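Note sheet for the following structure.
The values are calculated or read from the model by the stated rules, or taken from the named source; none is laboratory data. Note that the structure is a prediction, hence the values are computed from the model and not measured. Here the Cβ positions follow ideal geometry from the backbone for every residue, glycine too, while neighbour counts run over all protein chains shown. To get the accessible areas, we keep the full protein, side chains included, count just its heavy atoms, and leave off ligands, DNA and RNA. Shrake-Rupley method; radii C 1.70, N 1.55, O 1.52, S 1.80 Å.
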Amino acid sequence: MAKIGPKGGGKRRGAVVLFRSILFLFLLLSTTAIVYGTAVNTRAVRDLAETAIESTALALSTSAESALRSGGSRAEGEARNILSDRVVAYAMVARKDGTIVLHTNSGMIGGNIGEASLGEWLRSGKTFGRRITLGTGLPAYEFNYLLHGPGREVKLLRLVLHTTRVDRILADARRMWWIVGGVLVLLWSVGIALDRAFARHLRLEAQVERRERLALIGQMTATLSHEIRNALGSIKGYAQWVDERVETADPKKKGLAAVLQGTMRIESLVNDLLLFSREETYSVQPVDVCILVHESVTGEANGWKGEVELDPGEGTVVLADPEKLRRVLANGIRNAIQSMGDRGHLRISARPDDHGVEIRIEDSGPGVPEAEMPRLFTPFHTTKADGTGLGLAYSKKTIEGMNGEIDLANRQETAGAVLTILLPNAR
């Protein structure tokens, strides 16, 4: 992301945090509400289904009991008709000893249900139902009802009902969880997409502001540089003219040398400022990293007494503006050598990876103080006594302009710093 001013950056970071907090709270509350509502509805469907089948069994049982109590020759036929409902798998009436006196399957009449606890249950006077599985493997609901006949005789009325429809309703209710899961995934996906879109909007806004700020600085710099150069040219020319006419032993010679050195430093600062502030145009093309690294090392490390190790990778090609990349590499090598002094170990390598080509400039100097890390790429911030603070800022601006990334950090395994440049792979 492009660097922005502390005030604008703070506001944008605050906006991102606030937006994400509200979005997360909304998604969390929505998820909780949907899950809770689905759980309540599923439980209600299950309870209603169980109540419906129990109510059906009870209604059929009381109707059959009323028909049998009425007596007469037609009582048993009416009860059989009632118990022949399509939801009934089978029904029967048995005495205390288990003898079947009525069954929807007439062939079962006279048989015995063979339950030792039947008499004890009849004496308890309790009606109960339970889930069972028929011999055919189908699920069913068994309802045991105390049938009070004439003369206070108590018999067992057992209804076994098909539960296929009820089970289908329960299965549909359970399948609702899959639909809810899909809705939640979609909801969170939309939330993540919104978060990324909002962050992208703020990044683009910051980049636009940065370009506008740089354009304004460029206009001011061009005007100031013209005036400064005119005045500086006169001072430098006059100082050089006087220096040429003063004898070497003259005490004024030292003062004139200081004046010339100061003018050259001001001139260098003006050039760096112009270079940083101008609107760049990029001629992006395939660039052989190996060739560019060797050229940069030859220009910047010539005469340095330290050890130089090059591993740029043969045939490593990136998409970049060759002149601007050369300037960035030269600046990185120059900074590394200045941090090490006369001696040290400089290593430059390049390796392609999944994201592009990574170029690393590693030194064995003292590294970067942790307190300086957040401001390394800030314009005019420098840790060197004679630095302008524009080298790294220009490098970041240029590399990002070529769709790359740049970072400066301390080495993990040993002392020193590493400048990492990531650029698109031309291959």
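Side notes on the structure shown:
- Of the listed residues 321, 354, the order by accessible area with a 1.4 Å probe, largest first, is 354, 321.
- Among the GluC sites (Glu not before Pro) in the range 165-238, none is located in a DSSP loop while being surrounded by at most 15 other Cβ atoms within 10 Å of its own Cβ.
- Whole-Hz couplings from phi, Karplus 6.51/-1.76/1.60, listed for the range 312-327; x for Gly and Pro: x, x, 5, x, 7, 10, 10, 9, 7, 7, x, 5, 6, 5, 4, 5
- The figure for residue 31 is an accessible area of roughly 30 square angstrom, using a 1.4 Å probe on the protein chains alone.
- Our helix-only sum for the chain, with -39,500 (n - 2.57) per DSSP H run of n ≥ 4 divided by its residues, gives a mean residue ellipticity at 222 nm of -19500 deg cm²/dmol.
- Under 28 Å from the Cα of residue 397 - lysines, other chains or at least 8 residues apart: 3, 7, 11, 324, 384
- For the peptides 157-167, 250-260, 390-400, 371-381, residues were scored by their other Cβ atoms within 10 Å and the scores averaged per peptide; the highest-first order is 390-400, 157-167, 371-381, 250-260.
- Cα centroid of the range 393-411 to Cα centroid of the range 140-174, whole Å: 78
- Carbon-plus-sulfur accessible fraction, the chain (probe radius 1.4 Å, protein heavy atoms only): 57%.
- A Förster distance of 30 Å, applied to the separation of the beta-carbon atoms of residue 414 and residue 298, puts the FRET efficiency at 0.70.
- Taking the Cα centre of the chain as reference, the dipole from Cβ charges on Lys and Arg (+1) and Asp and Glu (-1) amounts to some 1780 debye.
- Set of lysines near residue 96 by C-alpha distance (under 21 Å), chain-local residues within fewer than 8 positions excluded: 126, 155
- Among 243, 363, 288: highest mean-square fluctuation, GNM of the chain, C-alpha pairs under 10 Å: 243
- When 201, 345 are compared by accessible surface with a 1.4 Å probe, the order from highest to lowest is 201, 345.
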